[in-house]
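Encoded as structure tokens, the structure appears first; notes follow it.
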Amino acid sequence: MTIKATEEQLNKIFNLTNYQFTIPSYQRPYAWTKDQVLELIDDLCDAFPYPLESNHPDYFFGSIILIKEDGKPNAEVIDGQQRLTTLTLLLSVFRHLLPENHPTISRINRLLEDENETGTDTLHGLQLRSQDNDKFFAPFIRTAGGLKKLLEKDTGLETDSQTLLRDNAQVLVEELTKRCPQNLSLESWILHLYTNLLNKCYLVVVSTDSFDTAYRIFSTINTRGLDLQLNDVLKSDIIGKIQGEKDKEKYTKIWDQEESDLGRKDFEALFSHIHRIKLREKQKLGLLTEYRKKIKPQDNPIEFIDKVLKLCSDQFEVIRDQKFTCDNKEEQKEVNRLFGWLNLIDNSDWLPPAIYFLVKHDDRASDIKNFFINLERLAAGLMIFRADINERGRRYAKILNAIDESAQKAITVTKELLSPEEQNQIIEILDGNLYLQTRSRLYVLKRLDSLLAEGGLSYSFDEKVVTIEHVLPQNPKPDSEWCQIWQDEAREKWVHRLGNLVLLSRKKNSQAQNYDFEEKKEKYFDKGNPTIFPITVNVIRQTKKKTQQTNWNEQIVEYHQQEYLEMLLNVWNLEQSIIPTSVIEPKKQKTTKKDLIESPDFYVNFLEGDRAWEDWQKYGYISGGDGKWYSQTLKNLSQGDRIFVNYCGSGYVGVGITEKTVVPVKDFYIEINGEKVPIGEAPIQSKNIDHDRDDLDLCEYFVKVKWLKTLPKNEAYWEKGMFAIQHTCCRLRHQETREKLYKHFGIDENVSIT
């Protein structure tokens, strides 16, 4: 074994008697981009300005590592192929820019390829990997006249590296032409650069005749900051351990195909995901060290590529590109939609369990759908309440362990990983100043926007430029219509909340500004070009339909807040009986958790619209409907429960005892003049109360109530800090609110309800 390091001029590097370079098939493909080529041109022009002083310093191009026997020209490139390939391309560009039949052209030809002494064989200065060499690099770059064809080539480029070589050739031609000094012809400029490139530029050539030694040098140098990525080093570790050239070439092609399919950035990230799948913990010693010492793919390289790398890479691609397929097209559509939502999460920590589940359990579409419903719920929840990277890692490690047991175990564990307290926190954030949640607000609004869309997916899902607009402006002018409609306290309460936010294109966002409501609506809906986002269309359509209001006031925002919150709670399966943490455990609250759980009282929310509070008072009932999630919490009520009714936006207006359990509209009767009358036929103030009577998901539901005391709206009782939430019904656990209500309505808390 010998190791040799020499400093060589490029005119010796590009001399076929000295070096004939080959890029082995296990090397990564050509990857230099426009930025790196521009940096090379900058360096070259800075190093050799025109005119050049005689004592101008030489330029150092870095190092290359070769497997090469001393005295023989054949050299296998272990490191340096990016530089050598780009320098070869640069020489080809010099040749292209020189006038036809210029004598230097023949010199460049001999640098790139030439015949042997007997004329029986062709010698090549540089041969790329077999995948890119014969049909591309040889005819278009090494061969005279080929570059002109490449520059005109728009189709037929089969790999990323071919496209990069074509693009970089265009950059070199344009930049070298543009940078030609005004007092110099292009021919003289190219000759100036060519001469100095060959005679005043140097590379350090590190060579050894030992394959293992070359890779050891390669790994040592390239883990200390040179321009190679982790997967390049691992590739040398793993492919280098495969016995036999045939298998080595086979698995190199598999590796390169996976890298090509994913792209360089995601392929690099894949190794972090595999690390998490394998070890279930974050890195401690550095990723490369832990691969070598803990995962040890080099011990069985073929098994690692077949059963780990390829499987994980393929499933990563399915998730990223939303390419899941199955016989059930509805399930296929839903799973791919969930992949899309997960791809919008602001971190990638969810990917290891996502990839691993598909690797282990890809045989049942229904299991895949249920798992990813729960995984998206968890990932969104962790993002909303800002769980840190360590906490996310612990949760996802539990899922990875569950995946090993069974698909059903993984589905169950993933659903259970949001605790009741965390669900409280999520609900509190969603029901609070959402706009101030800068890292999750756009995700939440896009999720909501698609829930409002026909077919369940809005254009905002994959629109590249989407911004958030306040309908009620953040800072309206003092003399504006907004300040006449909204009191300062109410504006401060509602301006950043879900019900006041819409999505716009950036262009429309800049137009809307602080206009009054009618003018804003016009800006949202330019003539002939309506805003495409359903949440924005909802500002006009649903406002008029559901509230009979024409301006954007507190009642409308509150209505939208409740509607939108319920939709999000539904899609993420957040328990509606849960109360925000700040309400369960207020800072000054000393009541124990046990006391709160045993609260005998229930909260009922009354919202204006189709319902009338006067009907509730007169005929003794409460109701909820327009969707399963609006009505189902009424099922929590048993006969004999005590309820307190909050008139949304005003305060508490009644306390009563439930006399029966919940029933749908078609089974509910009220008494008028001693006769029982179906509620849908009664002369009541509530409008359209009989809607969807035969649809048990959408119809109105009723609970019979015996009122202990009621108040008109204008006498509603409210104090700052009292409990209020947008659910139709939930247990009233907030002790301070209960005590105030007992006192105001004359309730003796020591007397049994029944």
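The values are calculated or read from the model by the stated rules, or taken from the named source; none is laboratory data. Computed from a prediction, not measured in an experiment: that's the story for all the values here. Virtual Cβ from ideal backbone geometry, glycine too; neighbours counted across all protein chains shown.
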Region 670-686 - residue that is touching a residue at least 24 places away in the same chain (Cβ under 8 Å), over 18 Å from Asn605 (Cα atoms) and part of a loop (DSSP other than H, G, I, E, B) and, of those, nearest to the chain's Cα centre (by Cα): Gln685
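Residues are listed down the side, and each one gets a yes or a no for (1) farther than 27 Å from Asp167 by Cβ; (2) within 35 Å of the chain's Cα centre (by Cα); (3) loosely packed, with under 13 Cβ neighbours inside 10 Å:
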residue: Trp32; (1), (2), (3): no, yes, no
residue: Ala47; (1), (2), (3): no, no, no
residue: Ser54; (1), (2), (3): yes, no, yes
residue: Phe61; (1), (2), (3): no, no, no
Close pairs (9 angstrom Cβ cut-off, 6 or more residues apart or separate chains): not assigned by TED's automatic domain parsing to the domain that holds Gly499 and assigned to a helix (DSSP H, G or I) in region 444-464, modelled with pLDDT under 85 and polar (S, T, N, Q) anywhere: none
Sole residue being more than 49 Å from the chain's Cα centre (by Cα) and surrounded by 13 or more Cβ atoms within 10 Å (Cβ to Cβ), chosen from Arg95, Arg83, Arg110, Arg129: Arg110
Test result for Asp167, at pLDDT 85 or above and assigned to a helix (DSSP H, G or I): yes
Candidate set from region 687-715 (those that are assigned to a strand (DSSP E or B) and not hydrophobic (A, V, I, L, M, F, W, C)); member that is surrounded by the fewest Cβ atoms within 10 Å (Cβ to Cβ): Lys706
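Here is a yes/no grid of residues against (1) assigned by TED's automatic domain parsing to the domain that holds Ile23; (2) assigned to a helix (DSSP H, G or I); (3) within 25 Å of Thr33 (Cα to Cα); (4) of a type in the set (Val, Ile, Thr):
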| residue | (1), (2), (3), (4) |
| --- | --- |
| Ser54 | yes, no, no, no |
| Ser63 | yes, no, yes, no |
| Ala75 | yes, no, no, no |
| Thr88 | yes, yes, yes, yes |
Of residues in region 628-669 being of a type in the set (Val, Ile, Thr) and within 46 Å of the chain's Cα centre (by Cα), the one modelled with the lowest pLDDT: Thr633
Close pairs from region 291-320: first outside the structural domain of Thr252 (by TED's automatic domain parsing), partner surrounded by fewer than 21 Cβ atoms within 10 Å (Cβ to Cβ) and among the β-branched types (Val, Ile, Thr), Cβ under 8 Å, at least 6 apart: none
Single residue of Gly649, Gly721 found to be surrounded by 14 or more Cβ atoms within 10 Å (Cβ to Cβ) and on the phi > 0 side of the Ramachandran plot: Gly649
Which numbered condition Arg166 misses (of (1) of a type in the set (Lys, Arg); (2) under 22 Å from Asn109 (Cα atoms); (3) free of Cβ contacts under 8 Å to residues at least 12 places away in the same chain): (3)
Only one of Asp43, Asp35 that is part of a helix (DSSP H, G or I), closer than 27 Å to Arg110 by Cα, without any contact (Cβ under 8 Å) to a residue 60 or more places away in the chain and acidic (Asp, Glu): Asp43
Among (1) of a type outside the set (A, V, I, L, M); (2) more than 29 Å from Thr122 (Cα to Cα); (3) assigned to a strand (DSSP E or B) - the single one Phe21 does not satisfy: (2)
Options Thr325, Thr289: the member that is of a type in the set (Val, Ile, Thr) and assigned to a helix (DSSP H, G or I): Thr289
Cβ pairs under 6 Å, 6+ apart, first in region 185-199 and farther than 14 Å from His96 by Cα, second outside any helix (DSSP H, G or I) and modelled with pLDDT under 95: His192/Tyr50; Asn196/Phe48
Selection status of Lys676, out of contact with any Leu (no Cβ under 9 Å at 6 or more places or on another chain), at pLDDT below 90 and charged (D, E, K, R): no
Top-ranked residue of region 329-361 - restricted to ones that are farther than 13 Å from Gln408 by Cα, part of a loop (DSSP other than H, G, I, E, B) and not β-branched (Val, Ile, Thr), ranked as nearest to the chain's Cα centre (by Cα): Leu344
Candidates Val335, Val359, Val308 - the one that is buried (at least 20 other Cβ atoms within 10 Å of the Cβ) and more than 24 Å from Ser419 (Cα to Cα): Val335
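Residue-by-condition table, conditions (1) assigned to a helix (DSSP H, G or I); (2) modelled with pLDDT of 50 or more:
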{"position": "Thr536", "(1), (2)": "yes, yes"}
{"position": "Thr550", "(1), (2)": "no, yes"}
{"position": "Glu558", "(1), (2)": "yes, yes"}
{"position": "Leu565", "(1), (2)": "yes, yes"}
{"position": "Val583", "(1), (2)": "yes, no"}
Search result, residues across region 632-674 that are of a type in the set (A, V, I, L, M) and closer than 16 Å to Phe745 by Cα: Ile643, Val645, Val653, Val655, Ile657
Selection status of Leu338, touching an Asp or Glu at 6+ places or on another chain (Cβ under 7 Å) and closer than 29 Å to Gln437 by Cβ: yes
Check on Lys282, under 23 Å from the mean Cα position of the chain (by Cα), under 26 Å from Lys250 (Cβ atoms) and in a loop (DSSP other than H, G, I, E, B): no
Region 14-30, subset among the hydrophobic types (A, V, I, L, M, F, W, C) and under 46 Å from the mean Cα position of the chain (by Cα), residue modelled with the lowest pLDDT: Ile23
